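This report concerns only the one structure given below.
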Amino acid sequence: MIIITKKGPEITQHISNEAPVIVVKNFIEEDICNHVRESSHLFTKKNTPKIGDRNKETFWRIDVLPSKVETERIFRTLCIFPEDKLSIVKTTNPVFNKMAEFQDEYLELGSHINSDIQRRPQILHYPVGGGFFDWHTHPRFPNNYGLILNLSKKDRDFKQGQTEVILENKKVIKLDDYTDIGDLILFRYDLVHRVAPCDPEEDLVFSDKGRWTAVLPLLSSVKL
């Protein structure tokens, strides 16, 4: 487990050494995280959920144990189309732009962007009452490392339900033991990981409470 207080050559070295998990502390200011989280929740209240075209529009959808998926989940997804003129896009673009700059500087992902592979900005909300994303993994490349930006604060927005990563020695890293709101988590993309159930003893409610994160994977440009 590598914890870094600021960006610099140290990150490049840890990536070269294939460190399984790297945490960059205070990557985004807390007040910005709060604004993004609150604005994302408001967007879902004002707009109807749907399965949209990520190449053309900003939309949100809700997954509650959907059928025909490889990994069970309960979460809310806000998919951002960066060229939209919506206020939610203007709010989130500075955060995703900073994450993209980090990817290009330390992971050299810019060279992989083309007509078939694009960055896919997403806000993910795991609601209290059992929001989760079960154990799964990904092909390591082209992402190399996945990015998770914490937008919510433990013991304020939720009590339990964190990202967990299984290392090659079978040890499980529980990332909330090391991270806080505004921290950026890098995890090697081929490691098995999950988001554990968020406050499962509560009633399931898609409010502004729960675990909120921003992610920026490289994905195929096919319709979602």
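Simple point charges give the picture: +1 on the Cβ of Lys and Arg, -1 on the Cβ of Asp and Glu, and for the chain a dipole about the Cα centre of about 460 debye. Ranking Val21, Val69 by solvent-accessible area of protein heavy atoms (1.4 Å probe, all protein chains present), from largest to smallest, gives Val69, Val21.
Surface analysis of the chain yields an accessible area of 49 Å² per residue, using protein heavy atoms and a 1.4 Å probe. Charge tally for Tyr106 (other residues, Cβ to Cβ under 11 Å; Lys, Arg +1; Asp, Glu -1): -4.
For the range 148-224, the C-alpha radius of gyration sits at 1.20 times the compact-globule guess of 2.2 N^0.38 Å, with N the residue count. Residue pairs exceeding 24 angstrom between C-alpha atoms, taken from Lys171/Lys209; Lys50/Lys209; Lys46/Lys209: Lys171/Lys209. Between the alpha-carbon centres of the range 190-221 and the range 59-117 there is a gap of 13 Å.
According to the Cα-based calculation, Rg over Rh for the range 4-85 is 1.09, with Rh computed by the Kirkwood formula. Pairs exceeding 32 Å between alpha-carbon atoms, taken from Lys6/Lys90; Lys7/Lys68; Lys6/Lys68; Lys56/Lys159; Lys85/Lys159; Lys68/Lys174: Lys7/Lys68; Lys6/Lys68; Lys56/Lys159; Lys85/Lys159.
When the solvent-accessible area of the range 1-151 is split by element, carbon and sulfur atoms take up 51 percent of it, the probe being 1.4 Å.
The values are calculated or read from the model by the stated rules, or taken from the named source; none is laboratory data. Here the structure is a predicted model, which means the values were calculated and not measured. Don't worry about glycine lacking a Cβ; one is built from the backbone with ideal geometry, like all the others, and counts go over all protein chains shown. The area values use the complete protein model at the heavy-atom level, side chains included, leaving out ligands, DNA and RNA. Shrake-Rupley method; radii C 1.70, N 1.55, O 1.52, S 1.80 Å.
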